[in-house]
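First the structure, in the form of structure tokens, and then the observations on it.
The values are calculated or read from the model by the stated rules, or taken from the named source; none is laboratory data. All figures in this text were calculated on a predicted structure; none of them were measured in a lab. Cβ placement follows ideal geometry from the backbone for every residue including glycine, while neighbour counts extend to all protein chains displayed.
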Amino acid sequence: MASNSTSFRLRDTTRNRLASRAAREGATVTQLLDQLIVEGIDQWDYPGIVFRGPAHDRRAALAAGPDVWEVVARLQELDGDEEQRIEVLSADPDLHARLVRTALDYAAAHPAEVQGRIGRNREEAQRSRSLSQQREALLG
């Protein structure tokens, strides 16, 4: 990924906090600043989206709900058109249709990120099922 040099003037307290946090995360100040800027823009673009997890493995989530990939994975499991699926999923009182749409909009703008997480989760679930079957066969 190509990058251009950009200069910022930060207050001393801001620079110190940024450096301290970068050190705790095992990242450079530039890496952390880049991540914070991208996440901040995404949060402005998709109100209700927050980011969770350590610096090396951040994931988009609904502020008071599940991760975006979890919402999309559940929508993929349902039948019907988009609105029918949203209606079914939003039957959960903690998951308003507006939030489901926000998660879906974020996922549409970041498909590789969201589909990657869905794929990794499905692979892990399959490994877990296989291991369980192997344990049962062993104890048979």
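Couple of notes before you dig in:
- Annotation for the stretch 64-77: no member residue is over 17 Å from the mean Cα position of the chain (by Cα) and not assigned by TED's automatic domain parsing to the domain that holds A108.
- Considering only residues in the stretch 6-17 that are within 14 Å of V29 (Cβ to Cβ) and hydroxyl-bearing (S, T, Y), the one that is modelled with the highest pLDDT turns out to be T14.
- Residue within the stretch 17-33 that is polar (S, T, N, Q), touching a Lys or Arg at 6+ places or on another chain (Cβ under 9 Å), surrounded by 14 or more Cβ atoms within 10 Å (Cβ to Cβ) and not assigned by TED's automatic domain parsing to the domain that holds L95 present: no
- Single match in A73, A103 (criterion: in contact with a helix residue (DSSP H, G or I) (Cβ under 8 Å, 6 or more places away or on another chain), under 17 Å from D45 (Cα atoms) and either among the aliphatic types (A, V, I, L, M) or in a helix (DSSP H, G or I) (or both)): A103
- Residue within the stretch 14-37 that is closer than 16 Å to E113 by Cβ, assigned to a helix (DSSP H, G or I) and touching a residue at least 40 places away in the same chain (Cβ under 8 Å) present: no
- Residues located in the stretch 105-120, provided they are more than 12 Å from the chain's Cα centre (by Cα) and either of a type in the set (S, T, Y) or farther than 23 Å from G48 by Cα (or both): G119, R120
- Among the residues of the stretch 21-40, the one identified as closer than 15 Å to P54 by Cα and among the hydroxyl-bearing types (S, T, Y) is T28.
- Candidates D42, D67: the one that is charged (D, E, K, R), within 21 Å of R117 (Cα to Cα), surrounded by 15 or more Cβ atoms within 10 Å (Cβ to Cβ) and touching a Lys or Arg at 6+ places or on another chain (Cβ under 6 Å) is D67.
- For the stretch 89-103, a residue qualifies if it is surrounded by fewer than 19 Cβ atoms within 10 Å (Cβ to Cβ) and not polar (S, T, N, Q), and the qualifying residues are A91, D92, P93, D94, H96, A97, R98, R101.
- Any hit, the stretch 87-95, residues being assigned to a helix (DSSP H, G or I) and more than 28 Å from E39 (Cα to Cα): yes
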